[in-house]
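Sharing a structure, written as structure tokens. Questions coming.
Throughout, read-outs are computed from the coordinates displayed, never taken from laboratory work. What you are looking at is a predicted structure, and each value in this text was computed from that prediction instead of being measured. Cβ placement follows ideal geometry from the backbone for every residue including glycine, while neighbour counts extend to all protein chains displayed.
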């Protein structure tokens with residue numbers, strides 16, 4: 001597994017310190033302080049959505065931590081809290097607005113649409129840009 005630090009790195013507080021990846025897929029995350037912490041394993045569904053969180057011993061985190069989604073990303077079932085902000089299709093969720101960030105645009109899973117137009121406008125004269 002590769003250890004990659006993201007924007008989550010925090011030294012003094014008990015927050016995510018980094019993610020572990022295998023084959024380009026996020027499989028675990030380290031939480032705690034810089035001097036110590038725990039590793040939690042992130043189990044996803046076929047779309048890469050966060051579904052379950054396991055402790056380093058293989059037990060469910062907080063016993064009842066589980067996330068399930070409707071077809072366009074709205075929460076279908078939520079139990080407990082997960083230590084990560086990654087959500088539907090592995091994208092980060094803004095808890096204040098409920099929107100998901102897809103690296104260029106924000107997506108509203110309740111409506112099932114992006115909240116702004118695509119910034120790249122294709123050229124009809126160049127089929128490869130469509």
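To the nearest 0.05, what FRET efficiency results for residue 126 and residue 85 with a Förster distance of 35 Å applied to their C-beta separation?
Values: r = 37 Å, r/R0 = 1.07.
Once the sixth-power term is evaluated, E becomes 0.40.
How would you rank 77, 69, going from fewest to most other Cβ atoms within 10 Å of each one's own Cβ? Spell out each step's value before the answer.
Values: 77 9, 69 20.
With the sparsest Cβ surroundings first, the list reads 77, 69.
Another question, then. Listing 111, 27, 121 from the residue with the fewest other Cβ atoms within 10 Å to the one with the most, what is the order? Don't jump to the answer; show the numbers that get you there.
On the way: 111 11, 27 15, 121 7.
So the ranking, lowest neighbour count to highest, is 121, 111, 27.
For region 20-116, just say rounded, prolate or oblate: build the C-alpha gyration tensor, square-root its eigenvalues into a ≥ b ≥ c, call rounded for a/c under 1.5, and beyond that prolate if a/b exceeds b/c, oblate if not.
Working: a/c = 1.95, a/b = 1.63, b/c = 1.19.
Note, shape of region 20-116 comes out prolate.
Give the order of 60, 26 when sorted by the count of other beta carbons within 10 angstrom, beginning with the fewest. Numbers along the way, then the final one.
Working: 60 15, 26 18.
Final ranking by Cβ density, sparse to dense: 60, 26.
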